[in-house]
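Below you'll find the structure, written out as structure tokens, and then a few comments.
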Amino acid sequence: HKLIRLFSSSNSTLPTHLYLSRSREMQNNDSYDAALSWCRQTISRSGHDNMMLFSPKQYHEEIDAASAKFDLPVEALHSLFRNAHVAHLKRTSHQIKSQTSRHVQNYLNGMSILNISKKCNYPPSMMARLIIENIAMMPGGDENDANKKCQSTDAEGETNASTMNTNAKPIPPSRKFVTEAVRSPEKILGCASDCIIPQYLFSEKRGKRTQLEGRGVGSNDDRQFDEVRERTISRLALEVKEAVNSDPMHGPRHDRERHNIGMEYELLLEKRLRSMDIPFETEADLRARGTARTPDILLSCPVGLRVRRKDAPIVQTSTTSAAEIANIDKGTIISSSVGENTKQEKKINNLREELRNINYHDDEFYEWKIICWIDSKALYGDIETHNNSVLPQVETYVHRFGPGMVLYWFGHAPLSRLGDGHGDVVIYGGDLPDFFLMPTGDFHGRNGKLSIEDDDGDDEVGT
């Protein structure tokens, strides 16, 4: 209630430079729709005509080019593209899985996992999982024995009875085994006789024969072929590794990267709040107390922030790009040449004046919000991901802790198209706001409590 009483008096005394703090938002609906349309069209193209989904190098080149075209940061477009791809997979994966027997037969006949993925326009790492689930078996009846020494095989590709009980039924691979096999294919799937169902061992001769012939192995010498195979890694392991390495968005490595990036941005959020001298509890602190469904940050006291109204127009000048505005918001523009410092300073001043003249700080464009928690999202807040995944999650925080803020570090779609939980969820992008209003009436910024001066240079206290 004290914050609410402060808001009316704070509107008229907030210094002009504090109005320049803005959320990184797609500048208009047309720009957002154009970027999203490009993502969907690229994803829906046939695999053989869309090599960027099967080559990390080409994927990053295409994303870089599209980033400049749509005036969207690379990390934001990458996140938007992946979100669109995940939505595409949710709609189409059942069709791929319904034809599992055909994919397995193609592999047994010698088609590589990567080529099967291209034919189906399906992520290579996911196709690798599908193949492993259907032709692999648990080694020795225990997934913990996946690293045991490879047993010898005869010329027919069947396991010797002296080393393995031929009457034992193959044990289907568990989910944990499949995950470990995709993560470390050479270690888990390196020996064909240990990890492939006996009736499918003949497939080892189909895909590997061409490679071995290139090393000088005769095409008609099956015994020599089997001897070389015993000294090499299985075809299944090599093709799983190739598929995983060819996937630019999915797979164990990308899962680890996304997890690590999420953790890094959570730590960055904590660092920012400490620099602002804003008290809070982390998710770990809340879980230690036994609290369920916790946001990343629970503020020790409610704070206020000034945000653009959801229905307010987004003004974009003809000379100012989204990237330049982002640099202005941070107070710096990076110059490529030391000799251009004067020009850069003049440009900053001109753009600042331009922002002031278009009245971003008019009361009709802005409103005050109270937040009690912050949830960090190291991704781009597109419409589908926000409304279908993020919003239902954070609404549970509203029920427990009150209104809060979702921070999309890579930006977000136009606010007018994002749900806000009946006004209880503030959506912000790019970074934390430059300042918060504390219950004491003080403004806290990046260096703690702000020293505010009015236009005459006289100090003002809080309100």
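Under 5 Å from the amide H of Met405 lie the amide H atoms of Cys372, Trp373, Ile374, Asp375, Val426, each residue being 5 or more positions distant or on a separate chain, with H modelled from the backbone and absent for Pro and chain starts. Based on alpha-carbon centroids, what's the gap between segment 47-123 and segment 185-201 in Å, whole number please? Computed from Cα coordinates, the inter-centre distance equals 27 Å.
Under 5 Å between amide hydrogens, built in the peptide plane, is the criterion, and for Tyr366 it picks out Arg309 among residues at least 5 positions away or on other chains.
Let me know the shape class of segment 399-448, please: from the alpha-carbon gyration tensor, a ≥ b ≥ c as square roots of the eigenvalues, rounded when a/c is under 1.5, otherwise prolate if a/b is greater than b/c, or oblate. Oblate is the answer for segment 399-448, as a/c is 1.5 or above yet b/c matches or exceeds a/b.
Counting pairs of Cα atoms in segment 268-316, how many percent are more than 13 Å apart?
67 percent
The modelled label-to-label distance between Arg274 and Lys119, using points 7 Å beyond Cα along the C-beta direction, is 5.5 nm.
As a rough guide to protection, the peptides 83-94, 106-117 ranked by mean Cβ packing within 10 Å, highest first, stand as 106-117, 83-94. The simple Förster model, with R0 at 51 Å and r as the Cβ-Cβ distance, assigns Trp368 and Arg102 a FRET efficiency of 0.30.
Going 7 Å from the Cα of Met51 toward and past its Cβ, which residues in segment 70-111 have a backbone nitrogen under 16 Å from where you end up? So the set is empty, nothing qualifies.
Label separation (Lys449 vs Glu283): 3.3 nm, computed from points 7 Å beyond Cα along the C-beta direction.
No value in this document is a laboratory result; all are computed from the given coordinates. In this text the structure is predicted, and so the values were computed from the model without any measurement. Don't worry about glycine lacking a Cβ; one is built from the backbone with ideal geometry, like all the others, and counts go over all protein chains shown.
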